[in-house]
Amino acid sequence: MQPLQLIERHAAEWHAATHHSFLQAVSNGSLAPQAFSAWLVQDYHFAQGELAFQARLLAQAPRSDQALIINGLIAMNAELSWFESKADEFQLSLHDPALPVTVAYGEFMHGLEHAAYPVALMSMWAIEYAYLEAWKTALPGSPKYREFVERWTNPAFQTFVGELEQAAAAALSSFEADKEVDAAFLDIARLEREFWDMAWSQALH
Ligand SMILES: Cc1ncc(CO)c(N)n1
């Protein structure tokens, strides 16, 4: 099973994970500030979990994938600092608690500790690719949010995601347990959709 085959096989779930009213509202500038703020704070919590997940993955990785995962960790560290400065700018508290979907996503990533390496690496790719595909739908983004759209659509990020896809393809080429791969992919697609739903629903509060 190749990474892109997962997208073909689960096209509807993937579409729902990467197309959302939240992103349309980022694109046309109509997003409610509460929804944006909620997303930012929750994504900061998420990113901390993702950094920890990648750190555990690094410990499992074969020599050939170490540099790629280290680059991921460096990017996650920069992303956390960037979120901290954005929170300052927008006067948001990053100490607000993680909401249930964010907690569930963190638990999912924690659980990957017990997954086979190819499944965990595919997951790292799918998580990053979901954001690339999602934010692409908001391009170029209204001026207010353009910087956010650029963060997950710029050429360097696209290259990184492409490298992850190749590494995941190589790891999966000798891995037989398709069911496990499908299950993790579908969990990610669902959690991504729920994450957008969560942020979007904050507009109603
Ligand atoms: C919810 C979510 N998915 C993926 C990424 C990509 O790192 C992110 N920052 N947040």
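The values are calculated or read from the model by the stated rules, or taken from the named source; none is laboratory data. The shown structure was predicted, so the numbers you read here are calculated from the model rather than taken from an experiment. Cβ placement follows ideal geometry from the backbone for every residue including glycine, while neighbour counts extend to all protein chains displayed. These area figures cover heavy atoms from the full protein model, side chains too; ligands, DNA and RNA do not enter into them. Shrake-Rupley method; radii C 1.70, N 1.55, O 1.52, S 1.80 Å.
Here are the numbers:
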| quantity | calculated |
| --- | --- |
| Phi-based couplings in Hz for the range 170-175 (Karplus 6.51, -1.76, 1.60; Gly and Pro marked x) | 5, 5, 7, 5, 10, 10 |
| Surface share of carbon and sulfur [accessible, 1.4 angstrom probe, percent] for the range 1-85 | 56 percent |
| Area accessible to solvent at Ile74, 1.4 Å probe radius, in Å² | 110 Å² |
| Karplus-derived HN-Hα couplings along the range 191-199 (A = 6.51, B = -1.76, C = 1.60, θ = phi - 60°), whole Hz, x at Gly and Pro | 5, 4, 4, 5, 5, 5, 4, 4, 5 |
| Proportion of all alpha-carbon pairs of the chain beyond 25 Å (%) | 33 percent |
| Portion, in percent, of the accessible area of the range 104-205 that falls on carbon or sulfur, probe 1.4 Å | 54 percent |
| Cα gyration tensor shape of the range 11-52, rounded if a/c is under 1.5, else prolate or oblate by comparing a/b with b/c | oblate |
| Label-point separation, Thr137 to Asn71 (7 Å along Cα→Cβ), nm | 2.7 nm |
| Theoretical ellipticity at 222 nm over the chain - DSSP helices of four or more residues, -39500 (n - 2.57) apiece, nearest 500 | -25500 deg cm²/dmol |
| Sites His15 and Lys144 - FRET efficiency at Förster radius 25 Å, r taken between beta-carbons, to 0.05 | 0.45 |
| Candidates Ala184, Ala134, Ala170, ranked by Gaussian network fluctuation over the chain, Cα under 10 Å, top entry | Ala170 |
| Solvent-accessible area per residue, Å², over the range 18-75 with all protein chains present [probe radius 1.4 Å] | 39 Å² |
| Between 0 and 90°, nearest 10: helix 117-136 axis offset from the chain longest Cα axis | 30 degrees |
| Using θ = phi - 60° and Karplus 6.51 cos²θ - 1.76 cosθ + 1.60, couplings along the range 54-59 (whole Hz; Gly, Pro as x) | 5, 5, 5, 5, 4, 5 |
| Summed residue charge, Cβ within 11 Å of His19's Cβ, Lys/Arg positive, Asp/Glu negative | 0 |
| Cβ-defined net charge surrounding Ile127, 9 Å radius [Lys, Arg +1; Asp, Glu -1] | -3 |
| Gain on full stretching of the segment that runs from Lys179 to Glu8 - 0.36 nm per residue minus C-alpha separation | 60.0 nm |
| Neighbourhood charge, 14 Å Cβ-Cβ cut-off, centred on His114 and excluding it, Lys, Arg +1 and Asp, Glu -1 | -3 |
| Whole-angstrom Cα spans of the range 160-205 along principal axes, big to small | 48, 26, 6 |
